[in-house]
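Peer 1: One structure coming up, written as structure tokens, with questions to follow.
Please treat every number below as a calculation from the coordinates, not as lab data. The structure displayed is predicted, hence computed values, not measured ones. Here Cβ is always computed from backbone atoms with ideal geometry, including for glycine, and neighbour counts include all displayed protein chains.
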């Protein structure tokens, strides 16, 4: 089984420096592209590979790039941004790539920037990733020194500067238009779309924002071709995927596997099954803002289409397992506390609604709930759902709540009947 | 008043962006780096230097979780309270820290040694529960390990 993204990542030794990275075939893709591949051909190649955005939305990366203005009339500078603000609770996959092989990300960024002819690039890194920040600073300097960044890269006439920006902590910075506001020194509130960032992004210029894992796939697609990339997958979505499992399993971790492995294989084989004494009750398949799946869904494929068909989303592909000793009401209260705290406050349903949802769940958990509270929660999953808010934060928050009310309604009812948490 | 070194570092950030105002987050980070937190006077000094209003600087400063608008202790403990850590023992860890330091979330110990703050997901979910002290990440933390961890910080 091929693992292109992680084959050179070894937790027991430091990541490859530039020379070592080159010896494993690193920067060959930049040489190939700078040696005469057109930006349009690179966009087409990535589109054909069916690489889909790994940040959670799952949009075809090549198509995203193709919406940027090209040619002599295009506004400049154009920007390419790596979204490394990994902050979805339960998600820890990009940290592996950032700490394990920073040059792979830098190479992917150079290629993406070439495809859209951007001259300025940023890594937007979350504050807490200090180790990744140190490694990226060192690696970006190495890439400048070797001529992969800066003026006239490898004599191609293509220029690219790269900067590291570390955030100061806000979940909403992961939303791409909020990220742009943060980079402009503003409060990280999402922007209205349209205009899309491809037309008017950072400082009003054409901009592409891609997830770290997405960008790390690009060098391998350039080196090996679109058909090879599609062949890595068990499903119609191309490539491998970094999957993760956390919670009360025997071996929590991250693994690069063919896109479309089943949930059962991930939990039972890679994570070693549940810890002794615990049973599986529910799973958030792709981070805190995805709907619960349960034991009946174990055989679904973990790809974009299959997880959506089962009523949830692949999201970031890093699943959180809820065991049968953890109270679902307390679990969902923890999630809603997070979303209420991280709401940017711009639109009323999200700013006002999420704290109410959090309070209702807390009163249920303390045994002070009434049957009307369950109806109120159900109503909020509609009121804060898609179409009623400015961005996807509140609808994302409602996904685990609405599915918890569906699959674990008995647990909610017992809190009211017993006037206490039955798990205490 | 900003110091010469603070101005020099802010000037570098200004040189990388199309207009001064865009470096306000960097300016806040620089001041916090040197002084530990961002006072009202610092907000006004940054506003003057970037030629924007103090209210605008403060609206940014108070939006972000890790810009401190109140003094903090010599060391800041960020305790992850997100879902994987919640499942794996965050509550026991919080209780143990409260008992050891005699403070609740958001407070600073009487000897000004530690400030305890909640933090959203540290990206360490496969080794939960996790906490960070200054720039050091601790994973798979059990309450029994806290004494050994805390004694490293004077």
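Peer 1: With a cut-off of 8 Å between alpha carbons and a minimum separation of six or more residues, what is the relative contact order of chain A in percent?
Peer 2: Once normalised by length, the contact order is 15 percent.
Peer 1: When DSSP assigns beta bridges and you keep just the ones with both residues in the range A:229-321, what percent turn out antiparallel, to the nearest 5?
Peer 2: Just about 75 percent of them are antiparallel.
Peer 1: So for the range A:110-205, what percent of the C-alpha to C-alpha distances run longer than 16 Å?
Peer 2: 61
Peer 1: So, one more: Restricting to the protein assembly as shown, what percent of DSSP beta bridges are antiparallel, rounded to 5?
Peer 2: Roughly 45 percent of the DSSP beta bridges within the protein assembly as shown come out antiparallel.
Peer 1: Moving to a separate point now. Spin-label point model (7 Å from Cα, Cβ direction): what's the residue A:7 to residue A:156 distance in nm?
Peer 2: Distance between the two pseudo-spin positions: 2.2 nm.
Peer 1: Same structure, new question: Report, to the nearest 10°, how far helix A:212-224 tilts away from the longest principal axis of the Cα atoms in chain A, using its own Cα long axis and a range of 0 to 90°.
Peer 2: 40
Peer 1: For the range B:1-92, what is the convex hull volume of the alpha-carbon atoms per residue, in Å³?
Peer 2: Residue-normalised Cα hull volume stands at 123 Å³.
Peer 1: If you don't mind, another one. What FRET efficiency do you get for residue A:134 and residue A:234 if R0 is 45 Å and r is their Cβ-Cβ distance, rounded to the nearest 0.05?
Peer 2: After rounding to 0.05, the efficiency reads 0.80.
Peer 1: Counting only helical runs of four or more DSSP H residues, what would the 222 nm mean residue ellipticity of chain A come to if each run contributes -39,500 (n - 2.57) and the total is spread over all its residues?
Peer 2: -12000 deg cm²/dmol
Peer 1: When all C-alpha to C-alpha distances in the protein assembly as shown are sorted into bins of 10 Å, what percent of pairs does each bin hold, rounded to whole numbers?
Peer 2: 3, 17, 27, 28, 17, 6, 1, 0
Peer 1: Let me ask you something else. Expressed as an acute angle from 0 to 90° and rounded to the nearest 10, what is the orientation of the C-alpha long axis of helix A:371-383 relative to the principal long axis of chain A?
Peer 2: Between helix and principal axis, roughly 20 degrees.
Peer 1: Within the range A:365-381, name every residue whose backbone N is under 15 Å away from a label modeled 7 Å from Cα of residue A:419 along the Cβ vector.
Peer 2: A:365-371
Peer 1: Between residue A:275 and residue B:74, what FRET efficiency follows from the Cβ-Cβ distance if R0 is 51 Å, with the result rounded to 0.05?
Peer 2: So the FRET efficiency works out to roughly 0.85.
Peer 1: Could you give the spread of the C-alpha atoms of the range A:1-107 along their three principal axes, from largest to smallest, in whole angstroms?
Peer 2: Projected onto the principal axes, the Cα atoms of the range A:1-107 cover 49, 37, 31 Å.
Peer 1: Expressed as a rounded percentage, what relative contact order does the range A:192-298 have, with Cα pairs under 8 Å and six or more residues apart?
Peer 2: 14
Peer 1: Starting from the alpha-carbon convex hull of chain B, give the projected area averaged over all orientations, in nm².
Peer 2: 10.1
Peer 1: For the range A:172-271, what percent of Cα pairs sit more than 21 Å apart?
Peer 2: Numbers: 2719 of 4950 pairs.
I get 55 percent for the Cα pairs in the range A:172-271 exceeding 21 Å.
Peer 1: Can you give me the P(r) profile for the range A:230-327? Cα pairs, bins 10 angstrom wide beginning at 0, each as a whole percent.
Peer 2: Histogram of Cα-Cα distances, whole percents per bin: 18, 54, 25, 3, 0.
Peer 1: Here's something else I'd like to know. Could you pull out which residues in the range B:105-145 have an amide N less than 17 Å from a spot 7 Å beyond the Cα of residue B:151, following the Cα-Cβ vector?
Peer 2: Flagged as within label range: B:142-145.
Peer 1: Compare A:78, A:93, A:138 in a GNM of chain A, Cα atoms joined below 10 Å, and give the one with the largest fluctuation.
Peer 2: Among A:78, A:93, A:138, the largest mean-square fluctuation in the Gaussian network model of chain A belongs to A:138.
Peer 1: While we're here: Which angle between 0 and 90 degrees, to the nearest 10, do you get for helix B:40-50 versus the longest principal axis of chain B when only C-alpha atoms count?
Peer 2: Relative to chain B, helix B:40-50 is tipped by roughly 40 degrees.
Peer 1: Additional query: With springs only between Cα atoms under 10 Å, which of B:72, B:87, B:31 fluctuates most in a Gaussian network model of chain B?
Peer 2: Maximum fluctuation in the GNM of chain B, among the listed residues, is at B:87.
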